[in-house]
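Visitor: Supplied in structure tokens, the structure appears directly below.
The values are calculated or read from the model by the stated rules, or taken from the named source; none is laboratory data. All values reported here derive from a predicted model rather than from experimental measurement. Reconstructed Cβ throughout: ideal geometry from the backbone, glycine too, with neighbour counts over all protein chains shown. In case anyone asks, the SASA skips ligands and DNA or RNA and just uses the protein heavy atoms, side chains included. Shrake-Rupley method; radii C 1.70, N 1.55, O 1.52, S 1.80 Å.
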Amino acid sequence: MNPSTMRHKAFQSWLAESDANEHRQDPIDDLIGEHHLMTTVLAAMESETQGLLAGRPLRNEFWAGVVDFNGNFVHLCHRVKEEIHLIPLLLDNGLLQPKERDAIHREHESARDMTLDLCRGVEQGDWERVMRIVSIYIHLLRPHMSHEEAGLFVTATSQLPAAAKTELRAAFAAVDQAALAERGRQHYAAIASELAKLCGQTVDW
């Protein structure tokens, strides 16, 4: 199964789960499904910056959605699952080296800094700054996600003990409850869908 198909399949299961119910999907598949949503937003961001380059004005409604998605969903939900729960569990089980953890954390920190810089660029209406940040952000995130899926996620799926996965599933459910609050998964899927539509793209869910 190619990475795109794998992400899409995991995303469909992720979206079908009710936020109010116990999560039943493999917790690593949750992360893969979230990657599908993130790739949709990255594609929309890339398309929008191409429009800026062609002379289209900076559309605040588009970038407000990007800031909400990246700031609240990616960094306060998805990354918390990875940094606070998955990575320490892999370390505890001897499945990840500290230097690998440090490299992942550095890339996450760079992405957080760029999200804040993007917020400032949008607030100031500085389209050149926005284009520059988005270009760097996309070139960081796409290989970062692919590397996680081919390494971190495969290791967790194949080698984490069943008890550790049960622990991870409960931890991820708690993160969702805290980070997504009353808005839930559907809210961020709707943001991704709207961003894609604003750029003339279609979503596959």
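Visitor: Going through the stretch 39-54 one residue at a time, which ones are more than 28 Å from residue 9 (Cβ to Cβ) and either open to solvent by less than 60 Å² (accessible area, probe 1.4 Å) or touching a residue at least 60 places away in the same chain (Cβ under 8 Å) (or both)?
Guide: Answer for the stretch 39-54, where residues must be more than 28 Å from residue 9 (Cβ to Cβ) and either open to solvent by less than 60 Å² (accessible area, probe 1.4 Å) or touching a residue at least 60 places away in the same chain (Cβ under 8 Å) (or both): 49, 51, 52, 53.
Visitor: Further question: With the requirement that a residue be in contact with a Leu (Cβ under 8 Å, 6 or more places away or on another chain) and open to solvent by less than 20 Å² (accessible area, probe 1.4 Å), what does the stretch 111-120 give you?
Guide: 111, the sole residue that qualifies.
Visitor: Another one. Closer than 25 Å to residue 188 by Cα and either among the acidic types (Asp, Glu) or in contact with a helix residue (DSSP H, G or I) (Cβ under 8 Å, 6 or more places away or on another chain) (or both), is that true of residue 48?
Guide: Spelling it out, residue 48 is indeed closer than 25 Å to residue 188 by Cα and either among the acidic types (Asp, Glu) or in contact with a helix residue (DSSP H, G or I) (Cβ under 8 Å, 6 or more places away or on another chain) (or both).
Visitor: Let me ask something additional. Among the residues that make up the stretch 148-171, is at least one of them in contact (Cβ under 8 Å) with a residue 12 or more places away in the chain, closer than 22 Å to residue 40 by Cβ and not hydrophobic (A, V, I, L, M, F, W, C)?
Guide: Yes, the stretch 148-171 contains a residue that is in contact (Cβ under 8 Å) with a residue 12 or more places away in the chain, closer than 22 Å to residue 40 by Cβ and not hydrophobic (A, V, I, L, M, F, W, C).
Visitor: Does at least one position in the stretch 90-110 carry a residue that is closer than 26 Å to residue 10 by Cβ, touching a Lys or Arg at 6+ places or on another chain (Cβ under 9 Å) and either touching a residue at least 40 places away in the same chain (Cβ under 8 Å) or buried (at least 21 other Cβ atoms within 10 Å of the Cβ) (or both)?
Guide: Yes, the stretch 90-110 contains a residue that is closer than 26 Å to residue 10 by Cβ, touching a Lys or Arg at 6+ places or on another chain (Cβ under 9 Å) and either touching a residue at least 40 places away in the same chain (Cβ under 8 Å) or buried (at least 21 other Cβ atoms within 10 Å of the Cβ) (or both).
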